[in-house]
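Heads up: the structure comes next, in structure tokens.
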Amino acid sequence: MSGLALTAHAAASAYGLATPALLAGLRTGRAPGGFAVPEVDIQALLGLKGTASMDRAAALAVLTVGELLAAHPGLADPDTALVLGTTSGSAGTQANVVRGSLTRRRPYFIEPSLVPFALMNGPASICAIRHGLRGPNATVAGGRAAVLSALRYASRLIGGGQCARALVGGTEELTPEREWLEGQYPVQAGPLGEGAGVLLLEPPGPRPVLAEVLGFGSRLVAGDPVQEAVADCVRGLLARHRIEPGEVGLVSAPVELSGLLGAATVVDPAGLLGDTGAAAGLFQLIGVLTTGIGGPAVVVSVDQDHTVVAALLRLP
């Protein structure tokens, strides 16, 4: 057992910029009006300073981190880490940098203000600067498995004494460049969506515990069917924590696991929000937390490169 718990969360989704809209949509199963986050006017929401070249991925991360910090004052100190998941950064901004290098009079005459947002750790860095987060700051590039990988990384930071708590999440934007890149894969996960958000990971304390984080498992699929690899990963994770498959009450995974977790209620936010890429694990976790069902829960994310990451939780 990690001795850590998820105690708060904030997210922007196709339901809207505020977390309550997402929670209401997940509880009722009402589909949003589209797959993009609505009403994202970056300069209107964040002001003019430093936002002229800010992309949606960074803006959504800044907004959701700000929402969580506003709801829980006092977190912005050196003992709070920020770990964000990404695919490889903003595909749209990176394409703009390349385009400028190819079309301007000199290859190095690119727009300087684009550069911070073209880096994969841009959103995490901008969040730290804007919100005064002075603790460890990390970006985990894991595609659809990024948030669960970031959660595992953050648990190690806390366990190693590098910080007392961590804001853990992911961000993904919906752009033509991302649509083109995703279209190069032979198998599509479904309609693309976008979103961002963070969860608060910390030892149990004054804040209500939404879920205990018991542990993690991972696999790299190498020739085996993905479904078998996922089942094997989950089976091993449960065995290490001495939990029988029949005890699991909730499961969120991109593949069918009824043969292993037949008694579990399935949570599928992607059916409502689309393929949210690096934010997929975030919405899986929040979806599990909002069900009101207690007991062990399994969340599994699988990236296009067949990286499998699983998290085992216990809900009160």
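Values quoted throughout were computed directly from the atomic coordinates according to the rules given, and no laboratory measurement underlies them. The structure presented is a predicted model; accordingly, all values stated were derived computationally and were not measured. Counting neighbours? That spans all protein chains shown, and the Cβs are built from the backbone with ideal geometry, glycine included.
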Show me, for segment 208-220, the HN-Hα J-couplings you get by feeding each phi into the Karplus relation (A = 6.51, B = -1.76, C = 1.60, θ = phi - 60°), rounded to Hz, glycine and proline as x. x, 7, 7, 6, 7, 9, 8, x, 9, x, 8, 8, 10
Tell me, what HN-Hα J-couplings in whole Hz come from the Karplus equation 6.51 cos²θ - 1.76 cosθ + 1.60 at θ = phi - 60° for each residue of segment 242-248, using x for Gly and Pro? 6, 10, 6, x, x, 7, 6
Under the rule of at least 5 residues apart or a separate chain, name every residue whose amide H is placed under 5 Å from the amide H of Ser252. Val267, Val298, Val299, Val300
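Counting Lys +1, Arg +1, Asp -1, Glu -1, what net charge surrounds Leu68 among other residues with beta carbon under 15 Å of its beta carbon?
Here the count lands on 0.
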Whole-Hz ³J(HN,Hα) for each residue in segment 175-185, computed from phi via Karplus 6.51 cos²θ - 1.76 cosθ + 1.60 with θ = phi - 60°, x for glycine and proline: what do you get? 9, x, 5, 5, 4, 5, 4, 5, x, 7, 7
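Counting Lys and Arg as +1 and Asp and Glu as -1, what is the net charge of the other residues whose Cβ lies under 14 Å from the Cβ of Ile126?
On the way: positive: Lys49, Arg56, Arg130; negative: Asp55, Glu173.
Around Ile126, the surrounding residues sum to +1.
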Taking only Cα atoms and a 10 Å spring cutoff, compute GNM fluctuations for the chain and point out the largest among Val302, Val266, Val62. Val266
Ranked from fewest to most other Cβ atoms within 10 Å of their own Cβ, Leu68, Leu6 fall in the order Leu68, Leu6
Least to most buried among Arg219, Arg235 (fewest other Cβ within 10 Å first): Arg235, Arg219
Relative contact order for the chain: what is it in percent, counting Cα pairs under 8 Å that are at least 6 residues apart? 25
Taking His306, His9, His131, His241 and counting other beta carbon atoms within 10 angstrom, the fewest-first order is His241, His306, His131, His9
Just flag the trypsin sites (Lys or Arg not before Pro) in segment 93-135 sitting in loop per DSSP whose Cβ has no more than 16 other Cβ atoms within 10 Å. Arg104, Arg105, Arg134
Run through the DSSP bridge list for the chain and note the antiparallel percent, rounded to the nearest 5. 65
Expected 222 nm ellipticity per residue - DSSP helices of 4 or more, -39500 (n - 2.57), all of the chain, to 500: -10000 deg cm²/dmol
Hey, could you pull the Cα Rg and Dmax for segment 1-135, both in Å? 17.1, 58
Rounded to the nearest Å, what's the spacing between the alpha carbon centres of segment 3-56 and segment 89-126? Just the number, please. 24
Amide H to amide H, which residues 5 or more places from Asp275 or on other chains are under 5 Å from it, using H placed in the peptide plane? Leu192, Gly193
List every residue whose amide H lies under 5 Å from the amide H of Ala141, counting only residues 5 or more places away in sequence or on a different chain, with H placed 1.01 Å from N in the peptide plane. Thr86
If you keep only loop residues by DSSP, which chymotrypsin sites (Phe, Trp or Tyr not before Pro) in segment 98-158 have at most 15 other Cβ atoms within 10 Å of their Cβ? Tyr108, Phe109
